[in-house]
Amino acid sequence: MENPSQQAGAGSAPASVPRDDDFVQLPRRTVVLTMAGVMLAMFLASLDQTVVGTAMPRIIADLGGFDRFTWVTTAYLVASTTIVPVVGRMTDMYGRKKFYIVGIAVFVVGSVVAGQSQTMDQLILSRGLQGLGGGTIMAISFVSIADLFPPEERGKFQGLMAGVFGLSSVLGPTLGGFITDNLSWNWVFFINVPIAVPIIVLFFKFFPDTRRAGSENDRQLDYTGMASLVLAVVPLLLGLSWGGVQYEWGSVQVVGALVFGGVMTVVFVVVESRTAAPIMPLTIYRNRMVSVSLIAIFLTGFGMFGAIIFIPLFFQGVLGASATSSGSFLTPMMMGVVFGAAISGQLLSRMGGRYRIQALIGISIMTTGMYLIGSMDETTSFGTAVGFLIVMGFGLGTTFPVFTLAVQNSVSFSVMGIATSATQFYRSIGGMLGLAVLGAVMANRFASRLAESITDELAQAVPQAQLEALQANPQALVNPEALASLRGGFEQAGPEGAVMADQLVAVLKAALAEAIGDVFMISVVVVASAFVATLFLQGPRKSTDEPSRVRPAPVPTDGD
């Protein structure tokens, strides 16, 4: 193999200098400009996961399709989650640059089509297209850190990337509401175009076209593996999204999707164990750093997504916050994530990658925060609740760069893309499973708690049909019109009726608080099991799955 310095053309920028078996140092100007583009692309893709939420009421008013409004989010999540491992592996084989640019271009096209949608079906399809582009961007963004920085510096930049992700989660709902109110919901999607075009130009000119060394046989596409992966992941995600929302958990649609996805998962494993060039090499799971990290990521993702969904419900339904302000209470938690990730990344870089210690500390803080949140009730003050959220968010943020870096620094460059993208894939799968399980638990616990707590006097005053409706959906706690209607039903009883209405609302709040508390206590157990798994995390070492190779330096562009 030629020396990297010999591969650069005469008169070009200084050739990259190898630092170790896998990493090649790029010129500083290339690194700075590329990192700026990566952060902007990451912000763009992650922002689109949250910016649409506040625009949905206006979208439904214009396009209709209330029965399918969850699909606007589900289509994006399913598409982005499914594409991540496929893109991660293909960038290992063919380089990252072209996939990054194509991913951003697909995201832009999806944004334009979404902004021009005339029906809800068109919007759902365009959101799926956006998800393919957004998932590609997310997959390569974290992998790019390993291309740009040596192992000892990756920690602080992985923390920075996690911080960008958290910041977009904070700004997304507010930005979406501002654009919708001052322009139109269409511009929630159109705004992506002027941001994305300069990023494409930047990447085209400066992004290093790094790829693994190897023969053409190593780059054969595993079509059977890709097909079986898609047929496994999509039905599983759809089944988890449908259950308890669009269909009953025991319905043919949900059970059929989950069973089919489970069968195809087995098929996928069999296919990948027999093919010569698998889309997801099963050998990466033999690396204890990778397998333990992915287990911990899956379990913490289970708890993280649950918190994002149920915290606004607690503030609005139990503490009486408005619909607008209830979402803003997630901001302290996400700021905790940002600072936790930034601090954790800096410590990883300065203290030599003490993955196990930092992960255990982060998970402990996160578990403590979840326990404190689970102990809240209708008497908890807003300030106390916000403090508990900050604790949980800080602990969660601490874990973000740790496990990603543990995976990256323990595998060879030839599987860097698929190993890193697997961290995002398992976090998403864990999160969607958490939403499905915890959502079902909350609904069942609320109904049973309400039935246990309501007095005979209230039970006689409230019509049975209305009581059953409240057990299925406590909308009176989150919908001012429903609350006014509920109180209106007691007005005919005079002052005594008003007192009974207050008693019923108090019982509803207590039942909801207890149900959400139960949800978080289950999350505590799940996240605590991530603590146990992390005890088996080893110190940093290189994977021996295959002989290490010197990575060829990228050919510098004119902009270098």
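A short reminder: the numbers here are calculations on the coordinates, not readings from a lab. These numbers were taken from a predicted model, which means no experiment stands behind them. Glycine gets a Cβ as well: all are built from the backbone with ideal geometry, and neighbour counts include every protein chain shown.
Computed from the C-alpha gyration tensor, the three semi-axes of the ellipsoid equivalent to region 223-278 are 27, 9, 6 Å, from longest to shortest.
Its alpha carbons give region 127-179 an Rg and a Dmax of 13.9, 41 Å.
Sorting 502-510, 356-364 by average packing, meaning the other beta carbons within 10 Å per residue, from highest down gives 356-364, 502-510.
Highest average first, the peptides 368-374, 226-232 ordered by how many other beta carbon atoms sit within 10 Å of their residues are 368-374, 226-232. Counting only Cα atoms, region 233-322 measures 58, 36, 16 Å along its principal axes, largest extent leading. Across all C-alpha atoms in region 107-265, the radius of gyration and Dmax reach 19.8, 55 Å.
Each distinct pair of alpha carbons in region 69-199 adds a 1/r term; the inverse of their mean, the Kirkwood radius, is 15.7 Å. For the peptides 123-130, 380-387, 139-146, the ranking by packing is 139-146, 123-130, 380-387, with the highest mean count of neighbouring Cβ atoms within 10 Å listed first.
Derived from the Cα gyration tensor, the three semi-axes of the equivalent ellipsoid of region 355-409 are 28, 9, 6 Å, largest first.
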